[in-house]
Amino acid sequence: MEILFLAVLLVLMATALGAGFPVAFSLPGAAILSIGLAALVGWLIEGSPDAYFAVGGPNEWLTSGVTNLRGIYWEAERDTLIAIPLFIFMGIMLQRSKIAEDLLITMAQLFGPVPGGLGISVVFVGALLAATTGIVGATVVAMGLISLPAMLRNGYSKPLATGTIAASGTLGQIIPPSIVLIILADQLASATDQASSARQELFRDATGQISMPAEYDVSGTSAGEMFLGAFVPGLVLVGIYMLFILGFALLRPKLAPAVPYEGERNLRFWGQVLLILVPPLALIFLVLGSIMTGVATVNQAGAIGAAGALVMAGYRLKEESRGAYWPAILAVVSIVALYFLLKWQPINVRSLDTPNENLALVLALFPVAGLLISLVWSGVRVMRIDATLQGVMLETAKTSSLVFIILLGAAMLTAAFRAFGGEELVKHFLEGLPGGFWTQFIIVMLVIFVLGFFLDFIEIAVVVVPIVAPILLADPGANITAVWLGVMIGLNIQTSFLTPPFGFALFYLRGVAPREVKTTDMYKGVIAFITLQLAGLAVVGVYPPLVNYLPQRTSLLSETAPPPRNPRLQACIEDYLVAHIESGEAEVRDAVAEARNLDLSYLPEDMREDLTESFDQAERAVRLLIEADEAAGRVGEAAVPFKPLLVEVRGLQRDIRAIEDDLEETETTVSRLMEREEGLRAGLEAEIERLREERDALLARIPEEFDERFEAFTEVEREETNLRREYRRAGDTAARNAMEVVAVIEDTVAFAALESNLRAMLERIRSGEDPSDLVDPITDLRAAVGDVEGARELRSEVNDARSALRGREPDPAEAAAAMERALDLHAEQMDWRNRAWKDLLPGLKAYLERITETVGVRQRDRMPREMALSVAACESRHRDLSLRF
């Protein structure tokens, strides 16, 4: 029965959308009606409203009603979504202030003389507007009004002209900042959590281990990572469009002719070009650059974009008036002044410790005030000129409300879909497909592509993604990243704006196109660009680093980069080190050889032992790393014949577990039946027998030699795992021991400074001063001694002196004796510390630097830049984990 009501849910949604009901009402309406009908039928027939729900039911929902209601409400209240109205405001403001129009005219003048130049200029401006506005409707309408007449007037093919404008207008869906990417990041955040739970369960079923290693977990994403991941694919798409138009113009010059610029390209012309191009490019740099460099979050970058658009609109709408640029100049000067001020003295308002920080804070008030004055000044202008600000705010409120209402409705629809067991059906369908992950992925991409003919991007993102993303992300064989999946879906969704009959870009263009341009011309024109988008989708799918590299690089080079000890990074770090060592650069061995020549004879015995162990473990770490790499090669060789058998058996075991779940549920239902329901009992017992036979048949299909071959492969894999574990332990010991000794020697100056304090305390004790008055000073002295590396024995003597003074019967003589012993220890240590500071420290630091750049890197806070770049490239490729499951 659950399947019946699932069908009712889908039919109601499709009927409502087909009849023209708004999406915001169709999605929640279908959910409410289908849930209400299922509850009513369940209550009438089975006596329970929950009877026909696979997961939960009205009784359970009502029991925790407040929590569920707040959960749905908070769908539109999460931090990730705050950026949406900010970017919408930025886009509408730039469109209303005619900055988009200026860009189109200027780029047409620049590229016109090139074959297909007008088309190339439309693509270029489409990319710029995508990076500043992201509003498809505004971009297509603006380019349709300005560029289409010019292209037709100069002999451009109608299909080429309309296709170029429509396709270029959709670039805002994939080039950041993009509302689609924000929504996808939000949906994928929860999908990643579900996929992580599913993968942990899969690992537990396959290995019997309770906890899964962190390096096997699903990688999540955020709006900022989605922006970074989509940046290069967006540029790839722009390049493909431009190459197509250029190639078409060269092959069919009459259908895309060059258009010479009739004016003079003088200094005034180039100054005008710079004045029109630089502000939007600067805004793009501020918005995307602040995200990429980690200076700002996506929400903060959205606020930067909104403020920048307001300032730009302030001078553009008053361009012909005197003093039009004063607010913008004030803003630029304030930002530059603030930048140099922060370069001179970083400011942390929560902790102002030095006079320079206080002075910097006072000075920062002036550029901040200038920036605020600029924003208010621009805002007043925009508000007074044609009530532009009011119109932009109203459009922003409408568009944002539409997005959030659809998100709420989609959350309700998804909850109903899961309640009727739809998610499990989809999961079983996809997992039952031959060909593994890539078959599942291609089917999902095809479904999304087909849905794009009928649905808007928001409906697809919020309805389809929560259902299929957890299934695709959980697969350990492909082990895809969430950011790659999000960008692939984003590229696919982008085609929904071009595919008839409901391609919104076509509707927008139809509304502003001249009458001589037929709708069929538009359909013909977009076919080529839909094909190009699918080609771009294929390129990104085949080469994941196009998406993954930039987020990985930014993460590993940022101030908050994960430390080299992060378990997820170990495989790539070790691949880098193996290549580094095998390339003939024997830094570790040379460093150890040079360090062994250092004279350690005068050091304390424990320090000599630590350094000797460090040298031994460094050499051992190199040997173990090479052996681990050789073991990995043997694992790879063993995996070739074993993997097909493993995939086959794991598929059978998955089907067996699904049958056992159904069997357990059916047996539970039979155990709860009453005597008067004997007819129903007979049918269920027959179902139980059928499920047992089906399970036994699947068990019989598991090859008898599987356990033996699995154990043999596990043994080979275990050898590699043990070698890597020993290598990491050896490298850590080598670096840690040397770091501890170096830290002790580096504190020689601080250690020497303790002598005067120790002597002063000894004199106070001998002077007969009241012992109670000495307790606090000697406590402070003990803390100061404890802060110096290698002064543990010295601190112990000071502590003995303190104890002698704190007792019920203070003993100044014992305290003085302890302080004398402390001074003797200090003198002894100063002998070898001074010598080590001069003769040993430089050599040890050189050894430590080379060790911590190679086998001891796990003891560093951050990876060296060269290693970080290599690891970023390695992590951007998807690593198959299926042999671990």
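The values are calculated or read from the model by the stated rules, or taken from the named source; none is laboratory data. Model, not experiment: these values are computed from the prediction. Positions of Cβ are backbone-derived with ideal geometry, glycine not excepted, and every protein chain shown enters the neighbour counts. The protein model used for the area step is the full one, side chains on, heavy atoms only, and it has no ligands, DNA or RNA in it. Shrake-Rupley method; radii C 1.70, N 1.55, O 1.52, S 1.80 Å.
Taking each residue of region 693-722 that is in contact (Cβ under 8 Å) with a residue 12 or more places away in the chain and looking for partners that are exposed (fewer than 15 other Cβ atoms within 10 Å of the Cβ) with beta-carbon atoms closer than 6 Å, six or more apart or interchain, yields 716/634. Would you check which residues across region 317-350 are small (Gly, Ala, Ser), out of contact with any Leu (no Cβ under 9 Å at 6 or more places or on another chain) and open to solvent by less than 50 Å² (accessible area, probe 1.4 Å) and list them? Once the filter is applied, which keeps residues that are small (Gly, Ala, Ser), out of contact with any Leu (no Cβ under 9 Å at 6 or more places or on another chain) and open to solvent by less than 50 Å² (accessible area, probe 1.4 Å), region 317-350 yields 323, 328. All conditions but one from (1) hydrophobic (A, V, I, L, M, F, W, C); (2) within 14 Å of residue 93 (Cα to Cα); (3) without any contact (Cβ under 8 Å) to a residue 24 or more places away in the chain; (4) open to solvent by less than 60 Å² (accessible area, probe 1.4 Å) apply to residue 382; the one that does not is (3). Condition (residue is of a type outside the set (Gly, Ala, Ser), within 30 Å of residue 460 (Cα to Cα), in contact with a Pro (Cβ under 6 Å, 6 or more places away or on another chain) and open to solvent by 40 Å² or more (accessible area, probe 1.4 Å)) applied to region 389-410: is it met by at least one residue? No, every residue in region 389-410 fails to be of a type outside the set (Gly, Ala, Ser), within 30 Å of residue 460 (Cα to Cα), in contact with a Pro (Cβ under 6 Å, 6 or more places away or on another chain) and open to solvent by 40 Å² or more (accessible area, probe 1.4 Å).
Considering only residues that are hydroxyl-bearing (Ser, Thr, Tyr), within 20 Å of the chain's Cα centre (by Cα) and surrounded by 18 or more Cβ atoms within 10 Å (Cβ to Cβ), which ones fall in region 531-581?
549, 554, 555
For region 287-316, filtered to residues that are without any contact (Cβ under 8 Å) to a residue 60 or more places away in the chain and open to solvent by 80 Å² or more (accessible area, probe 1.4 Å), the residue that is farthest from residue 556 (Cα to Cα) is 300. Taken residue by residue, region 832-848 has at least one member that is more than 24 Å from residue 777 (Cα to Cα), without any contact (Cβ under 8 Å) to a residue 12 or more places away in the chain and surrounded by fewer than 17 Cβ atoms within 10 Å (Cβ to Cβ). Can you find even one residue in region 451-461 that is open to solvent by less than 10 Å² (accessible area, probe 1.4 Å), out of contact with any strand residue (DSSP E or B) (no Cβ under 8 Å at 6 or more places or on another chain), part of a helix (DSSP H, G or I) and within 23 Å of residue 545 (Cβ to Cβ)? No, region 451-461 contains no residue that is open to solvent by less than 10 Å² (accessible area, probe 1.4 Å), out of contact with any strand residue (DSSP E or B) (no Cβ under 8 Å at 6 or more places or on another chain), part of a helix (DSSP H, G or I) and within 23 Å of residue 545 (Cβ to Cβ). The number of residues in region 582-597 that are surrounded by fewer than 19 Cβ atoms within 10 Å (Cβ to Cβ) and at pLDDT 85 or above comes to 4.
Scan region 764-799 for residues that are in a helix (DSSP H, G or I) and open to solvent by 70 Å² or more (accessible area, probe 1.4 Å) and jot them down. Spell out how you get there, then give the answer.
Residues of region 764-799 that are in a helix (DSSP H, G or I), as a first pass: 764-766, 771-786, 792-799.
Selection gives 764, 766, 772, 773, 776, 780, 792, 793, 795.
Does any residue of region 236-254 turn out to be within 26 Å of residue 878 (Cβ to Cβ), open to solvent by less than 10 Å² (accessible area, probe 1.4 Å) and more than 17 Å from the chain's Cα centre (by Cα)? Outline the logic, then answer.
Of region 236-254, the ones within 26 Å of residue 878 (Cβ to Cβ) are 236-240.
Now drop any that are not open to solvent by less than 10 Å² (accessible area, probe 1.4 Å), which leaves 237.
Those left that are additionally more than 17 Å from the chain's Cα centre (by Cα): 237.
Yes; the residues of region 236-254 include at least one that is within 26 Å of residue 878 (Cβ to Cβ), open to solvent by less than 10 Å² (accessible area, probe 1.4 Å) and more than 17 Å from the chain's Cα centre (by Cα).
When residues of region 514-529 are filtered for being out of contact with any Lys or Arg (no Cβ under 9 Å at 6 or more places or on another chain) and without any contact (Cβ under 8 Å) to a residue 60 or more places away in the chain, how many remain?
Start the filter on region 514-529 by keeping residues that are out of contact with any Lys or Arg (no Cβ under 9 Å at 6 or more places or on another chain), which leaves 514-515, 520, 523, 526-529.
Pick out the ones that are also without any contact (Cβ under 8 Å) to a residue 60 or more places away in the chain and you get 515, 520, 523.
Residues in region 514-529 being out of contact with any Lys or Arg (no Cβ under 9 Å at 6 or more places or on another chain) and without any contact (Cβ under 8 Å) to a residue 60 or more places away in the chain: 3 in total.
A single entry from 606, 610, 599 fulfils the requirement of being in contact (Cβ under 8 Å) with a residue 60 or more places away in the chain, of a type outside the set (Phe, Trp, Tyr) and either part of a helix (DSSP H, G or I) or on the phi > 0 side of the Ramachandran plot (or both): 610.
For region 399-407, the condition holds for no residue, the condition being that it is among the aromatic types (Phe, Trp, Tyr) and at pLDDT 85 or above. Of everything in region 160-219 that's outside any helix (DSSP H, G or I) and open to solvent by less than 20 Å² (accessible area, probe 1.4 Å), which residue is modelled with the highest pLDDT? Selected residue: 218. Residues that are assigned to a helix (DSSP H, G or I), open to solvent by 60 Å² or more (accessible area, probe 1.4 Å) and over 16 Å from residue 168 (Cβ atoms) within region 511-530 comprise 511, 520, 523, 524, listed in sequence order. Within region 19-38, residues that are within 12 Å of residue 8 (Cβ to Cβ) reach no partner that is among the polar types (S, T, N, Q) and modelled with pLDDT of 85 or more with beta carbons closer than 6 Å at six or more positions or on different chains.
Against the criterion of being at pLDDT below 75 and either under 26 Å from residue 87 (Cβ atoms) or surrounded by fewer than 22 Cβ atoms within 10 Å (Cβ to Cβ) (or both), residue 142 qualifies.
Checking each residue in region 819-844 for being among the aliphatic types (A, V, I, L, M) and under 14 Å from residue 798 (Cβ atoms) picks out 819, 822, 823, 825. Just one of the listed residues (479, 492) is on the phi > 0 side of the Ramachandran plot and either open to solvent by less than 30 Å² (accessible area, probe 1.4 Å) or not in a helix (DSSP H, G or I) (or both), namely 479. Which pairs turn up if I take residues in region 628-647 that are closer than 22 Å to residue 726 by Cβ and look for partners that are of a type outside the set (A, V, I, L, M, F, W, C) and surrounded by 14 or more Cβ atoms within 10 Å (Cβ to Cβ) with beta carbon separation below 7 Å, at least 6 apart in sequence or on another chain? That search, which allows pairs on different chains as well, returns 628/720; 628/724; 628/727; 631/719; 631/720; 632/720; 635/717; 635/720.
The set of residues in region 722-759 that are farther than 15 Å from residue 833 by Cα, open to solvent by less than 10 Å² (accessible area, probe 1.4 Å) and at pLDDT below 90 contains only 758.
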